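These notes are about the structure you will find just below.
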Amino acid sequence: QVQLVESGGGLVQAGGSLRLSCAASGPPFSTYAMGWFRQAPGKEREFIAAISRTGHTKYYGDSVKGRFTISRDNAKNTMYLQMHGLQPEDTAVYHCAAHFGSVITTTSAYDYWGQGTQVTVSS
């Protein structure tokens with residue numbers, strides 16, 4: 001059983017930056033791919049970014065390409081999402097998730113989810 005805890009969310013002005021963290025516990029961190037997703041009120045959960053077990057392969061959703069960077073530190077059992085150029089439409093609850101398999105962008109493939117951290121971007 002993988003436990004995931006997100007942190008780093010908050011209120012930021014448009015154009016600002018935030019770095020989210022996802023701390024994992026349970027099975028060895030390097031044995032599963034991970035991803036970031038977000039969900040705004042009244043909207044479906046949206047894929048943001050995914051990273052392979054080694055960190056060598058990364059995928060991004062079209063809405064965040066060039067602005068967000070996913071990374072992981074397997075020695076610290078932690079994944080990160082560096083966000084730059086934040087806009088009001090980025091406002092959502094951001095969740096990290098784990099998948100025991102190859103890196104994937106499909107929401108339904110992820111087996112374990114964190115509770116989420118709120119990101120609010122003011123205009």
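Brief remarks follow.
- Accessible solvent surface per residue of the chain, calculated while the other protein chains remain in place, 1.4 angstrom probe, Å²: 49 Å²
- The range 53-123-the range 1-46 distance, computed between alpha-carbon centres (Å): 5 Å
- Packing rank of 74-87, 6-19, where each peptide gets the mean count of other beta carbons within 10 Å, highest leading: 74-87, 6-19
- Per-atom-type breakdown for the chain gives carbon and sulfur 48% of the accessible area (1.4 Å probe, protein chains only).
- You can think of it this way: the chain between residue 40 and residue 14 has 7.7 nm of extra reach, that is 0.36 nm per residue less the Cα-Cα gap.
- Cross-link partners for residue 76 among the aspartates and glutamates, with Cα-Cα distance under 18 Å and sequence neighbours closer than 8 places in the same chain left out: 6.
- Separation of the residue 76 and residue 120 label points, Cα + 7 Å toward Cβ, nm: 2.7 nm
The values are calculated or read from the model by the stated rules, or taken from the named source; none is laboratory data. Because the structure is predicted, anything quoted here is derived from the model rather than measured. Don't worry about glycine lacking a Cβ; one is built from the backbone with ideal geometry, like all the others, and counts go over all protein chains shown. Note: areas computed on protein heavy atoms with side chains; ligands, DNA, RNA excluded. Shrake-Rupley method; radii C 1.70, N 1.55, O 1.52, S 1.80 Å.
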